[in-house]
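Report on the structure given below.
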Amino acid sequence: MSVSIKSAREIELMRESGKILGKVYKEIANEIKPGISTYTIDKIGEEIIRSYGCIPEEKGYEGYPAAFCVSVNDQVVHGIPSKDKILKDGDIVSLDTVLSYKGYMADAARTYGVGEISKEAQKLIEVTKQSFFEGIKFAKEGCHLHEISNAIADYNESFGFGVLRDLCGHGIGTNMHEDPQIPNFRQEHRGIRLYEGMTLAIEPMVTAGDWRVNFLDDGWTVETRDHSLSAHYENTVLVTKEGPEILTLEN
């Protein structure tokens, strides 16, 4: 495993890419409403990314056809946008995208409620998001990687939610996926030591029921095996000596 330590110049470029992605999510959140197709959400999102002079890196990645993954209800991740998939009142929808600015990437995901959603769905979204913040308490120099994993797992499971084991977070920089892999479920070993300058895409993927999933025949979509609701929350995080710096938050 070779985990890159970013230089001061690289960190500034990643800060800029993250700042832009935060703006993208702030803008696209206004489009999430009943009656819109997941295809339209993707097209709007791609236009916003390109309007900032950035490249939507998801598009074409290993053949993926869109700029955003748009996953609805029991779809955990990698849902392919479709003109036929229309959001309706009570749905929850997860968006996940990666953009690059001057060759440096930012990755983030959000889950939104569509119209009026159930209390169960709202709780799932809130707990998934908070588990990210519980995890990154350990994203500082001197901590170990799996302290992040264990904090995420323990928080979600304390609410009876499932945490995916088939997919995980990752390092990020000039490549979308870099070392290390970052599990969201509890680990027996401490994992690698964290150092200032590491950049990590930390992304709890959580289900209201069992953690087991199916990978669909389209080669991308991942859905819960028991068809329970799922939520996803992700940010690109810089490890520092003082603590985590979240690069992709909406301002």
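Might you let me know whether the stretch 139-159 holds any residue that is surrounded by fewer than 15 Cβ atoms within 10 Å (Cβ to Cβ) and touching a Gly at 6+ places or on another chain (Cβ under 7 Å)?
Scanning the stretch 139-159 turns up no residue that is surrounded by fewer than 15 Cβ atoms within 10 Å (Cβ to Cβ) and touching a Gly at 6+ places or on another chain (Cβ under 7 Å).
Please enumerate the residues belonging to the stretch 180-210 that are assigned to a strand (DSSP E or B) and over 18 Å from ILE125 (Cα atoms). Steps first, please.
Going through the stretch 180-210, the residues assigned to a strand (DSSP E or B) turn out to be 180-182, 193, 199-202, 205-207.
Once the filter is applied, which keeps residues that are assigned to a strand (DSSP E or B) and over 18 Å from ILE125 (Cα atoms), the stretch 180-210 yields PRO180, GLN181, ILE182, ARG193, THR199, LEU200, ALA201.
What number of residues within the stretch 147-179 satisfy the criterion of being touching a helix residue (DSSP H, G or I) at 6+ places or on another chain (Cβ under 9 Å) and outside any loop (DSSP other than H, G, I, E, B)?
13
What pairs come up if the first residue lies in the stretch 203-228 and is closer than 24 Å to GLU62 by Cβ and at pLDDT 95 or above, the second is open to solvent by 10 Å² or more (accessible area, probe 1.4 Å) and among the hydroxyl-bearing types (Ser, Thr, Tyr), and their beta carbons are under 6 Å apart, counting only those six or more places apart or on different chains?
Partner pairs satisfying both residue conditions: PRO204/TYR233.
Mind counting the residues in the stretch 67-116 that are of a type in the set (A, V, I, L, M) and over 22 Å from LYS19 (Cα atoms)? Break it down into steps so the answer makes sense when it comes.
Narrowing the stretch 67-116 to residues of a type in the set (A, V, I, L, M): 67, 70, 72, 76-77, 80, 86-87, 92-93, 95, 98-99, 105-106, 108-109, 114.
Adding the requirement that they be over 22 Å from LYS19 (Cα atoms) leaves 72, 76-77, 80, 86-87, 92-93, 114.
Counting residues in the stretch 67-116 that are of a type in the set (A, V, I, L, M) and over 22 Å from LYS19 (Cα atoms) gives 9.
Give me the pairs: first residue in the stretch 231-248 and under 14 Å from HIS144 (Cα atoms), second residue small (Gly, Ala, Ser) and crowded, with 20+ Cβ neighbours inside 10 Å, beta-carbon distance under 9 Å, and six or more apart or on different chains, which are they?
Qualifying pairs under 9 Å: VAL239/ALA139; THR240/ALA139; GLY243/ALA139; PRO244/ALA139.
How many residues does the stretch 32-60 contain that are open to solvent by 60 Å² or more (accessible area, probe 1.4 Å) and in a helix (DSSP H, G or I)?
The total comes to 5.
The values are calculated or read from the model by the stated rules, or taken from the named source; none is laboratory data. As the structure is a prediction and not an experimental result, all values here were calculated from the model. Reconstructed Cβ throughout: ideal geometry from the backbone, glycine too, with neighbour counts over all protein chains shown. These area figures cover heavy atoms from the full protein model, side chains too; ligands, DNA and RNA do not enter into them. Shrake-Rupley method; radii C 1.70, N 1.55, O 1.52, S 1.80 Å.
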